[in-house]
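Structure first, then comments.
The values are calculated or read from the model by the stated rules, or taken from the named source; none is laboratory data. Values in this document were obtained by computation on a predicted structure and should not be read as measured data. FYI the Cβ positions are ideal-geometry reconstructions off the backbone, even for glycines, and counts take in every protein chain you see.
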């Protein structure tokens, strides 16, 4: 009997290290997933709203009011449970960094998403200026985050100063300085050591792959950061001016091959309707706050009237592209949106309200809601028919957009399932014309064709370099499901020219 008990004891003892290693690996995987999910949620929030959320307080227990909810960063008083730290000095001004925990309820995440694998709350720090629209990436020459990230030897981790707009930190196994789900800090932040940098509530954070549980030099933190969208894409920091969504409504857009989450396939046009119904109101709201003299519009191929100089008093056509004048005039706007081919456009009263409001810093939200609704109605009225005069339409639309201002950084977002089949000019002529006349123009092409369509052929035709050495600036985004179409359009309007 004693021999049996001894054998069992030896077996348990031998298995203990294996179980411990398994448990640690499991918790590490949970921590990695928590940080990745936090980043994905923050990115989605930014794409939807145009700014990042403020942190939530760390001292509020779960199931209490305020748990997981963003505080108000627009107020100078710093709410309990959060911290305001001085970040880097940018253009002579010290920028602030707000520190707290991940606002899971504001982000629409479950409460448990705020914890790492050891039950510690994630730390979330964000550059304050990126929580208050307009964010710096929507302002000229202000492409900076205020957070500094260093390694174990205090070398900068980021390639460019100020690229870190926010950080998410998981304390991991060590846990010193971290808060728990009850709003408590069981172990205080140490005064020194590697881990101190991530819990001392300043604007510098530490990231290193050298993990250790070696006493005071213990470091088990996992850190991820987010960058300014313009720094990520290499943008020049200019405001995007006028934006036109150019929708292909040729017959092939009726093809029902776009997949949805948990539902039947829908047509390419239906998917575009759904995506633009989300994107346009968000963009209208953003522009009404930040740059009301730059407008948003929609156009389509089949109703486009080539040769705009001969229609509508020589300014615009009846196809429904945006108002080109900056600031616009009532006559031009009325001509555009009340044209013969555009019964879903603005009424004169809507136009007058938008124009008068555009001269004021305070935009009437009701007016812009009407403008947004009218644009969405116009998109939803588009039905697949006809062919695709892509190249001619692009040149004519951009000509109207720029309106004699060749250096203005306007954005043309083309949504199509194929290339050109009826234009009277070649793709080379189109590229040469646009690239040489409008050096700051950006063209984003969201390709919604099926697997049988040649996405690479369309990409080469639109963004290939011509024999003259010209090339369009922009992105080619190939998608085949409804969520990716939405992501592509949101990415287009949030990127820099």
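Key figures
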read-out	value
Condition met for residue 390 (crowded, with 22+ Cβ neighbours inside 10 Å, within 22 Å of residue 268 (Cα to Cα), in the same structural domain as residue 450 (by TED's automatic domain parsing) and touching a residue at least 60 places away in the same chain (Cβ under 8 Å))	yes
Selection status of residue 396, under 24 Å from residue 251 (Cα atoms) and modelled with pLDDT of 75 or more	no
Test: residue in segment 43-54 that is touching a strand residue (DSSP E or B) at 6+ places or on another chain (Cβ under 9 Å), closer than 18 Å to residue 132 by Cα and either at pLDDT 95 or above or exposed (fewer than 14 other Cβ atoms within 10 Å of the Cβ) (or both)	yes
Matching residues in segment 161-190 - criterion: being surrounded by fewer than 21 Cβ atoms within 10 Å (Cβ to Cβ) and modelled with pLDDT of 90 or more	180, 181, 182, 183, 184, 185, 186, 187, 188, 189, 190
Segment 149-160 - residue that is more than 15 Å from residue 193 (Cβ to Cβ), touching a strand residue (DSSP E or B) at 6+ places or on another chain (Cβ under 9 Å) and assigned to a loop (DSSP other than H, G, I, E, B) and, of those, modelled with the highest pLDDT	157
Within segment 57-113, tally of residues that are closer than 21 Å to residue 169 by Cβ and in a strand (DSSP E or B)	13
Flag if residue 104 is buried (at least 17 other Cβ atoms within 10 Å of the Cβ), modelled with pLDDT of 95 or more, in contact with a helix residue (DSSP H, G or I) (Cβ under 6 Å, 6 or more places away or on another chain) and closer than 16 Å to residue 55 by Cα	yes
Whichever residue in segment 452-483 is more than 28 Å from residue 265 (Cβ to Cβ) and crowded, with 18+ Cβ neighbours inside 10 Å and, among such residues, is nearest to the chain's Cα centre (by Cα)	474
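Here's the yes/no breakdown for (1) modelled with pLDDT of 75 or more; (2) farther than 28 Å from residue 263 by Cβ; (3) touching a helix residue (DSSP H, G or I) at 6+ places or on another chain (Cβ under 9 Å):
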{"residue": "411", "(1), (2), (3)": "yes, yes, yes"}
{"residue": "415", "(1), (2), (3)": "yes, no, yes"}
{"residue": "423", "(1), (2), (3)": "no, yes, yes"}
{"residue": "438", "(1), (2), (3)": "yes, yes, yes"}
{"residue": "448", "(1), (2), (3)": "yes, no, yes"}
{"residue": "462", "(1), (2), (3)": "yes, yes, yes"}
{"residue": "489", "(1), (2), (3)": "yes, no, yes"}
{"residue": "494", "(1), (2), (3)": "no, no, yes"}
